[in-house]
Amino acid sequence: MPNPRLASRYAKSLLDLAVEKGQLEQVYDDMLYLQQLTKVSRDFLNLLRSPIVSNDKKLSVINSVIGKNVSELTQAFTRLLVTKNRESELPQIIVAFIKQYKEKKGIHTVKLTTAVAISDAVKDQIIEQVRKTNGMQNIEVESVVDPGIVGGFVLQAGDQLVDASIAYDLKQVARQFENNDFIYRVR
């Protein structure tokens with residue numbers, strides 16, 4: 001069962017230790033690698049969650065899978081999780097670590113949804129406009145293609161949402177027809 005408080009505490013501890021040892025960027029890259037690994041390899045995720053597999057077996061498999069791809073600090077952290085029987089929480093810890101890292105570095109994640117893939121030039125123009133209006137300096141863009149919005153874009157930055165999609169406009173027109181906003185009313 002996911003435990004966000006536990007994940008946040010482990011992530012904070014790892015973040016603080018990485019800062020103390022001067023390995024924050026390396027550990028961040030390791031967390032991105034592990035996040036990709038847990039998304040791609042269902043077997044690896046099942047291994048982490050399995051109560052049947054012994055801790056020794058889990059350690060040997062984890063070491064063989066991530067061994068030379070991550071730093072010694074990250075390896076020690078995964079060993080700690082296994083010895084404390086918290087390895088099943090690794091995906092949530094990774095998400096919490098990445099979130100805390102971005103907060104520490106002042107990086108804002110912006111989700112840009114378009115109907116078709118857009119060029120980097122158009123993406124840069126949209127991001128520049130976000131910088132001007134919101135004062136965000138470090139922006140990371142998560143691009144999503146959703147043909148359901150028909151055209152235009154939907155931009156989500158934090159708790160703000162800008163829906164400049166054709167689908168939204170069509171819904172607005174349909175709502176106006178439902179409310180009979182186009183019929184002249186006689187007194």
message: Here is a check on your reading of the model: is V82 outside the structural domain of V144 (by TED's automatic domain parsing) and either at pLDDT below 95 or in contact with a Lys or Arg (Cβ under 8 Å, 6 or more places away or on another chain) (or both)?
response: yes
query: Does S8 meet the test of being within 21 Å of the chain's Cα centre (by Cα) and surrounded by fewer than 18 Cβ atoms within 10 Å (Cβ to Cβ)?
result: yes
statement: Considering the range 116-143, residues that are under 30 Å from A18 (Cα atoms) and small (G, A, S), and then whichever is surrounded by the fewest Cβ atoms within 10 Å (Cβ to Cβ), we arrive at G135
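Among the candidates K58, K99, K123, which residue alone is in contact with a Ser or Thr (Cβ under 9 Å, 6 or more places away or on another chain), part of a helix (DSSP H, G or I) and in the same structural domain as V145 (by TED's automatic domain parsing)? Break it down into steps so the answer makes sense when it comes.
Values: K58 fails: in the same structural domain as V145 (by TED's automatic domain parsing); K99 fails: in the same structural domain as V145 (by TED's automatic domain parsing).
None of the other options fit; the residue is K123.
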- line: The lone condition T113 fails out of (1) out of contact with any Lys or Arg (no Cβ under 7 Å at 6 or more places or on another chain); (2) of a type in the set (S, T, Y); (3) outside any helix (DSSP H, G or I); (4) under 30 Å from D16 (Cα atoms) is (4)
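Going through V150, V110, V82 one at a time, which residue ends up being under 20 Å from the mean Cα position of the chain (by Cα), in contact (Cβ under 8 Å) with a residue 24 or more places away in the chain and surrounded by 13 or more Cβ atoms within 10 Å (Cβ to Cβ)?
Details: V150 fails: under 20 Å from the mean Cα position of the chain (by Cα); V82 fails: under 20 Å from the mean Cα position of the chain (by Cα).
Of the residues listed, the single one that is under 20 Å from the mean Cα position of the chain (by Cα), in contact (Cβ under 8 Å) with a residue 24 or more places away in the chain and surrounded by 13 or more Cβ atoms within 10 Å (Cβ to Cβ) is V110.
Answer with yes or no whether I66 is loosely packed, with under 11 Cβ neighbours inside 10 Å and β-branched (V, I, T). Break it down stepwise before answering.
Details: loosely packed, with under 11 Cβ neighbours inside 10 Å: no; β-branched (V, I, T): yes.
It is false that I66 is loosely packed, with under 11 Cβ neighbours inside 10 Å and β-branched (V, I, T).
The values are calculated or read from the model by the stated rules, or taken from the named source; none is laboratory data. Computed from a predicted structure; not experimentally measured. Glycine also receives a Cβ, built like all others from the backbone with ideal geometry; neighbour counts cover every protein chain displayed.
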